[in-house]
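Please treat every number below as a calculation from the coordinates, not as lab data. Since this is a predicted model, take the numbers as computed values, not measurements. A quick note on method: Cβ atoms are made from the backbone with ideal geometry, for glycine too, and the neighbour counts reach across all protein chains shown.
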Amino acid sequence: MQRNPSSQTRIIIQTNAKTLPYGEIVDIFYAAPAAPEPPAPVPPVAPAQPSQSFLQAVETRRSHYSITNTSPVSDERIVQVIQHAVTHVPSSWNSQSSRALVLFSDEHQWVWDAVVNALKAITGGAKFEAAAGKVNASMRAGHGTVLFFEDEDVVRDLQAKFPTYKDDFATWSEQTSGMVQFITWVAIEEEGLGANLQHYNKLIEAEVKSHFNVPPSWRLVAQMPFGEPNAEPGEKTFHPIEPRVKVYGL
Ligand SMILES: Cc1cc2nc3c(=O)[nH]c(=O)nc-3n(C[C@H](O)[C@H](O)[C@H](O)COP(=O)(O)O)c2cc1C
């Protein structure tokens, strides 16, 4: 019990009030002084939006079709970012089915040669020229390429373990791959790079697997060439949000 009369109010406890006129003093307590009136509430400052920088990065990500073979960050940093995306992406039952190859220099060029050769085999004339021109300008011109895969062995294991959801695991594997691609796309753009997303899967998968000695169970899902952007992305329009997001009970 604190007994500091200077800062506390003195309370005298008395007893035997009936037998003694004023009772007998049995103890003296010093109670804490009454709390001062609270100051008038200050109107709340608009709270900092905790997700704002993330949402801004989401908005800033675009498809960049004009990229160069330079990079504002080191190749090691690019690899780190992709490792981070593959490590932290959510996956069904935490199955971690996503895989990636990160290609620079000749290996990056090799992929786009393979695409052009494959296009040559299935198209010709002006159609081939246009397709190859696009590949050379928007993909081969970049600094590197990420190849995204999903490991089908992981999907098959899940299907065997959880037969109730057998038909869902392939879809969920696609979804986790989409998330990895998105994280990578947003993050490398935050690093000052630009990227686009391609799907020449069937055209090059066999060759890619053989060239990079990729396990047979890895399925090629997407290609993401990246490099320093040297032009603004094209204009983008948006459908009205109200019919697309419905809110109830607000
Ligand atoms: C699942 C998916 C598949 C896509 N496939 C391709 C593709 O094969 N080739 C391509 O050039 N862009 C592809 N894109 C990029 C879209 O065309 C692009 O994201 C869209 O037009 C919106 O433009 P933005 O990326 O600049 O926001 C794909 C995007 C998504 C999400």
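Remarks
- Matching residues in region 168-194 - criterion: being buried (at least 21 other Cβ atoms within 10 Å of the Cβ) and within 11 Å of the ligand (Cβ to nearest atom): 177, 181, 185, 194
- Subset tally (residues that are under 30 Å from residue 72 (Cα atoms), in contact with a strand residue (DSSP E or B) (Cβ under 9 Å, 6 or more places away or on another chain) and not β-branched (Val, Ile, Thr)) for region 210-230: 11
- Filtered by the rule that a residue be within 15 Å of the ligand (Cβ to nearest atom) and under 15 Å from residue 148 (Cβ atoms), region 195-212 gives 195, 196, 197, 198, 199, 200, 201, 202, 204, 205.
- Set side by side, the residues 222, 160 differ, and just one is aliphatic (A, V, I, L, M) and within 15 Å of the ligand (Cβ to nearest atom), which is 222.
- Helices (runs of 4 or more DSSP H) completely within region 48-144 that count 2 or more residues being surrounded by fewer than 16 Cβ atoms within 10 Å (Cβ to Cβ) and among the charged types (D, E, K, R): 75-88, 105-122, 125-135
- Per-region count, region 45-81, residues within 16 Å of the ligand (Cβ to nearest atom) and of a type in the set (Gly, Ala, Ser): 3
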